[in-house]
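Structure first, commentary second.
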Amino acid sequence: MNQSYNVIYEGGSGEIVEKKSRFIAHVFPVHSEEEASEYIEQIRKKYWDARHNCHAFVIGPNNETSRCSDDGEPSGTAGRPILEVLQGRGIHDALVIVTRYFGGTLLGTGGLVRAYSQAAQAGLQDSSIMTKQQGRKISIKTDYNGIGKLQYIVGNRQISVADTRYGEAVEMDILVPEEEVASLTKEITEATAGKAELDISDELFFAVLNGKPIVFENI
């Protein structure tokens, strides 16, 4: 099954103030419950004097693991809203921790839900988020007569170019979403009259961040 989902490339932080209560959000990329627990413990130690350190995390391509904690706030007013922000943004493999310093004024359940949701959004706003997609790396070797056609096809389809090497022939490595592999290889073969040599990799996952392709070592 083809998969495409959003992940955190680099976590960030954000803060909001609601009726003198400070809500400080931290976002981390995580791939296991153990890793999430380590970050939660780090934040608890850093903000040891805070009233609450609430969190939520989602792990896996299909969010196979998801957890949330209100950490002493009224049930359903903190962890669940943070989790719903992650799910609403379609983000996977991520942990959001929101620390609250109580300002002396009770916010009520509705106010807490809004505050924790807004803090989580602020943390995500400061993070680098990218779309991780299933695909293949295709290495193409062609002569200089074929490079123009190849560049046109790649540009027209907005395919990510990982590397281009110029020697006696031209070699180009491209990252292609799984659903485009068959049609793209057919188009390249036809455009170069079968002269281009194509080497298709095993399945991999990749993303593009600020125009730069990134290949993941694991799913």
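Looking for whichever is farther than 17 Å from residue 127 by Cα, surrounded by 19 or more Cβ atoms within 10 Å (Cβ to Cβ) and not polar (S, T, N, Q) here; the options are 49, 70. Which one fits? Of the residues listed, the single one that is farther than 17 Å from residue 127 by Cα, surrounded by 19 or more Cβ atoms within 10 Å (Cβ to Cβ) and not polar (S, T, N, Q) is 70. Here is the figure for segment 8-46: residues that are of a type in the set (Phe, Trp, Tyr), open to solvent by less than 20 Å² (accessible area, probe 1.4 Å) and under 13 Å from residue 91 (Cβ atoms) total 0. With respect to the conditions (1) of a type in the set (Val, Ile, Thr); (2) open to solvent by 60 Å² or more (accessible area, probe 1.4 Å); (3) in contact with a helix residue (DSSP H, G or I) (Cβ under 9 Å, 6 or more places away or on another chain), residue 142 lacks only one, and its number is (2).
The strands (runs of 3 or more DSSP E) falling completely within segment 145-219 that include 1 or more residues that are closer than 17 Å to residue 130 by Cβ and out of contact with any Lys or Arg (no Cβ under 6 Å at 6 or more places or on another chain) map to 160-166, 170-177, 204-209, 212-216. Scanning segment 30-44 turns up no residue that is in a loop (DSSP other than H, G, I, E, B), within 25 Å of residue 109 (Cβ to Cβ) and at pLDDT 95 or above. All conditions in (1) closer than 16 Å to residue 124 by Cβ; (2) modelled with pLDDT of 95 or more; (3) in contact with a His (Cβ under 8 Å, 6 or more places away or on another chain); (4) open to solvent by less than 30 Å² (accessible area, probe 1.4 Å) hold for residue 81, with the sole exception of (3). Within segment 147-178, the set of residues being of a type in the set (Asp, Glu) and surrounded by 15 or more Cβ atoms within 10 Å (Cβ to Cβ) comprises 171, 173, 178.
Within segment 124-157, the set of residues being of a type in the set (S, T, N, Q), at pLDDT 90 or above and more than 30 Å from residue 85 (Cα to Cα) comprises 139, 142, 151, 156.
Applying a threshold of 8 Å to beta carbon distances and a minimum spacing of six or more residues, or different chains, the list of pairs starting in segment 143-160 at a residue that is farther than 18 Å from residue 183 by Cβ and ending at one that is open to solvent by 40 Å² or more (accessible area, probe 1.4 Å) reads 143/195; 146/195. When segment 77-132 is filtered for residues that are among the hydrophobic types (A, V, I, L, M, F, W, C), touching a strand residue (DSSP E or B) at 6+ places or on another chain (Cβ under 8 Å) and free of Cβ contacts under 8 Å to residues at least 60 places away in the same chain, the ones remaining, listed by number, are 78, 82, 83, 85, 86. Test residue 105 against the criterion of being loosely packed, with under 14 Cβ neighbours inside 10 Å and assigned to a helix (DSSP H, G or I), and give yes or no. No, not satisfied. Residue count for segment 185-208 satisfying the condition of being under 18 Å from residue 3 (Cβ atoms) and in contact with a strand residue (DSSP E or B) (Cβ under 7 Å, 6 or more places away or on another chain): 7.
The values are calculated or read from the model by the stated rules, or taken from the named source; none is laboratory data. Predicted model only: the values in this text are computed from it and were never measured. Glycine gets a Cβ as well: all are built from the backbone with ideal geometry, and neighbour counts include every protein chain shown. For accessibility, only protein heavy atoms count, side chains too; no ligands or nucleic acids. Shrake-Rupley method; radii C 1.70, N 1.55, O 1.52, S 1.80 Å.
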